[in-house]
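Report on the structure given below.
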Amino acid sequence: MDDLTTMNFNTSANDVISVSSLNRMARDLLESGLPPMWIGGEISNLTLAASGHAYFSLKDGGAQVRCVMFRHKVSLLPFRLNEGMQVELKGVVTLYEARGDFQINVDTMRSAGLGRLYEAFEKLKAQLSAEGLFDTARKRPLPAHPAAIGIVTSPAAAALRDVVTTLARRMPGIPVILYPTQVQGEGSARQIAAAIQQASARREVEVLIICRGGGSIEDLWSFNEEIVARAVAASPIPTVSGVGHETDFTICDFVADRRAPTPTAAAELVSPSQEQLRMQLEQGKRGLERALGRLLTDKSQRLDYLARRLSHPGDTLRRQSQTLEQASGRLQRSMSTLFASQRWKLQLAGSRLQRHQPQLAQQQRQLAQLSEQLQRGIGQMLNSQQQKLSRHAATLEAMNPQAVLSRGYAIVQKLDGHAVKSPQELLNQERVQLRLAEGVTEAIIDHPQGAQPELPF
């Protein structure tokens, strides 16, 4: 607390802070100045809210302080909170800013005087958890329809009557075997472990209920012993732990394959409900009846359909004979019609052939006349063409340059073969060709003086 007395807030007379700021500063001072600590006292003014949070005051003969324990912390307590209970709690001293209430946020709690048991419980729980005895992977499923159910508890326990009554109500036909043991007091833990081992060795049941009624942590302590936890873990038979009330937790609960909040709930977990099975059976029966009804209806309709299609062989033969006779009649009629049609066509073709039969003698005479006319025509045409040819030949001969040359004329040509028609086309001293009737020679043009320019040399 020395830190609180030496703090310097550095505020002047003109600095004003809000109430929220004041409460926040007070909360920070409390939480930083006071470490979490164990505090002992009596619970009073207990309120269990619908949210699961617990609100109460912790008091002694001279003072009290408000406390709050949140739901996830309350659910871990191995006992039920009650008014007037002497407890030891550990928490953080703080301030609830909204109301300015000084309070303790409780982290954990134990019954006063039971600190040793609580510490032993937490130590064993951590040890077995580290060994994997609480792992979900090793939990076995419970049989849906067990042939026999075993119970480990005291013959005088009220829990036994609750379990047997529940089993008789839900499924009276399942045999129940009791493995009696003391569930409280000196040596009870060894007896519980021995009963579990006996059930495991005899293998008379398919599921084992380990149960007892509620009580204080001391009353339930036998189920927190290591010997019981290891016997449950080693059991080859699936186990259900139904120890105490819903808020009671034991090491046996964590090790067992299933935890039930009460012995009655444990009995409900291991036994099928005959009412539910009867309802399922009735539903299955109705479903089967509907399916059979649909099947019979479908088969009946199918049978009627096949019966309508089924006929006597004699009826089938008669129908086929009638069909054959009808087909034969149609074939005969078709053939008769076809023959008549073909006969008519043949007669028509014969008549046409008769009308178009050639007259050979007449045709020969006509052919001879036409041949004679053709020969006369060809002769006349040849004579006419010969006369035309003679005239054209005479004309061609008269126009033949060679005939002109044969009379002493010559054709003057330039060296490129171009015929010269005028002296103006020729230069003086130009070399030319002279084409005569019997050959070709060359000549040089010699113009009179000044008539044509001379060729350049």
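The values are calculated or read from the model by the stated rules, or taken from the named source; none is laboratory data. Bear in mind the structure is a predicted one, so any value in this text is a computation, not a measurement. No Cβ is skipped: glycine too gets one built from the backbone with ideal geometry, and neighbour counts run over all protein chains shown.
Structure notes:
- Of all residues in the stretch 355-412, those that are assigned to a helix (DSSP H, G or I) and β-branched (Val, Ile, Thr) total 3.
- Count of the stretch 89-99 residues, restricted to those that are surrounded by 18 or more Cβ atoms within 10 Å (Cβ to Cβ) and touching a helix residue (DSSP H, G or I) at 6+ places or on another chain (Cβ under 6 Å), is 3.
- Residue satisfying condition, being surrounded by 10 or more Cβ atoms within 10 Å (Cβ to Cβ) and among the hydrophobic types (A, V, I, L, M, F, W, C), within set Leu310, Leu353, Leu348: Leu348
- Long-range neighbours under 7 Å by Cβ, at least six apart or interchain, first residue free of Cβ contacts under 8 Å to residues at least 40 places away in the same chain within the stretch 24-52, second of a type in the set (Asp, Glu): Gly33/Asp3; Leu46/Glu83
- Positions within the stretch 241-259 being surrounded by fewer than 23 Cβ atoms within 10 Å (Cβ to Cβ) and either in contact with an Asp or Glu (Cβ under 9 Å, 6 or more places away or on another chain) or small (Gly, Ala, Ser) (or both), in sequence order: Arg259
- The condition of being over 30 Å from Pro180 (Cβ atoms) and part of a loop (DSSP other than H, G, I, E, B) holds for only one of Arg110, Arg99, that being Arg99.
- Some residue of the stretch 60-80 being assigned to a loop (DSSP other than H, G, I, E, B), in contact with a Gly (Cβ under 6 Å, 6 or more places away or on another chain) and not aromatic (Phe, Trp, Tyr): yes
- Considering the stretch 246-331, the qualifying helices (runs of 4 or more DSSP H), each wholly inside and each with 3 or more residues that are over 38 Å from the mean Cα position of the chain (by Cα) and more than 30 Å from Gly213 (Cα to Cα), run over 274-309.
- Among residues that are over 13 Å from Ala267 (Cα atoms), of a type in the set (S, T, N, Q) and not assigned by TED's automatic domain parsing to the domain that holds Thr262, Thr108 is included.
- Gln452 surrounded by 12 or more Cβ atoms within 10 Å (Cβ to Cβ), modelled with pLDDT under 80 and not in a helix (DSSP H, G or I): yes
- The sole residue among Leu46, Leu77 that is surrounded by 15 or more Cβ atoms within 10 Å (Cβ to Cβ) and either in contact with an Asp or Glu (Cβ under 6 Å, 6 or more places away or on another chain) or at pLDDT below 85 (or both) is Leu46.
- Per-region count, the stretch 128-163, residues out of contact with any Pro (no Cβ under 6 Å at 6 or more places or on another chain) and closer than 16 Å to Pro272 by Cβ: 6
- Residues of the stretch 155-169 satisfying the condition of being over 20 Å from Ile237 (Cβ atoms) and either touching an Asp or Glu at 6+ places or on another chain (Cβ under 8 Å) or part of a loop (DSSP other than H, G, I, E, B) (or both): Pro155, Ala156, Ala157
- Qualifying residue in the stretch 391-402 (condition: closer than 30 Å to Asp446 by Cα and either surrounded by 14 or more Cβ atoms within 10 Å (Cβ to Cβ) or touching a residue at least 12 places away in the same chain (Cβ under 8 Å) (or both)): yes
- Listed by first and then second residue, the pairs linking a residue in the stretch 172-196 that is within 15 Å of Glu226 (Cβ to Cβ) to a residue that is surrounded by fewer than 16 Cβ atoms within 10 Å (Cβ to Cβ), with Cβ atoms under 6 Å apart and 6 or more places separating them unless they lie on different chains, are Ala189/Ile227; Ala193/Ile227.
- For the stretch 117-157, residues that are over 47 Å from the mean Cα position of the chain (by Cα) and among the charged types (D, E, K, R) total 3.
- Test for Ala233: is it touching a Leu at 6+ places or on another chain (Cβ under 7 Å), part of a helix (DSSP H, G or I) and either exposed (fewer than 13 other Cβ atoms within 10 Å of the Cβ) or touching a residue at least 12 places away in the same chain (Cβ under 8 Å) (or both): yes
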